Amino acid sequence: MALSESGVSVLIPAYNAADYIDKTLQSVIDQQYDDYEIVIVDDGSSDTTIRVIESWKKRYPQKFIIKTQKNSGVSATRNTLLSLARKKYFTFLDSDDYLDN
């Protein structure tokens, strides 16, 4: 996948994060900087994490890249995230963290 000449990929590994990922995603959407994408890999969650993520993608389809995979652990999930990133820069954000404005 070709990288953009600018922007930031926010890479979020998710596993059973349904109870708190809303706050995480809202904190990214609320940023003033607008040249970003949100890349999330659901690592085989057994809760409703993927449904929560998909509801965000419906509201902001141009911002989200979502992938699901069989549970592989955080290291493999981060490698998958990196392979999906399309922006020049990236940052990792855990599914239970948030960004300050």
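Derivation of every value follows stated rules applied to the coordinates shown; laboratory data play no part. For clarity, every value in this text was computed on a predicted model and none was experimentally measured. Ideal geometry is used to build each Cβ from the backbone, glycine not excepted, and the neighbour counts take in all protein chains shown.
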Average Cα contact separation per residue, the chain, under 8 Å, 6 or more apart, as relative contact order %
49 percent
Test of understanding: what is the full-extension gain from Ser55 to Ser4, defined as 0.36 nm times their sequence separation minus their Cα-Cα distance?
15.8 nm
Run through region 1-73 and list the trypsin sites (Lys or Arg not before Pro) located in a DSSP loop whose Cβ has at most 15 other Cβ atoms within 10 Å.
Lys70
Given axes a ≥ b ≥ c from the Cα gyration tensor, I'd like to know whether region 1-52 is rounded (a/c under 1.5), prolate (a/b larger than b/c) or oblate.
oblate
For log10 I(q)/I(0) by the Debye sum over Cα atoms at q = 0.16, 0.25 Å⁻¹, with candidates (i) -0.67, -1.22; (ii) -0.96, -1.18; (iii) -0.61, -1.51, the value calculated from the shown model is option (iii)
Output ³J(HN,Hα) for region 12-18: one whole-Hz value per residue in order, computed from phi by the Karplus curve 6.51 cos²θ - 1.76 cosθ + 1.60 with θ = phi - 60°, and x for Gly and Pro.
10, x, 10, 8, 6, 10, 4
Arrange Glu37, Glu54 by Cβ neighbour counts within 10 Å, fewest through most, would you?
Glu54, Glu37
Dipole magnitude (debye, nearest 20) for region 21-66, charges at Cβ of Lys, Arg, Asp, Glu:
200 debye
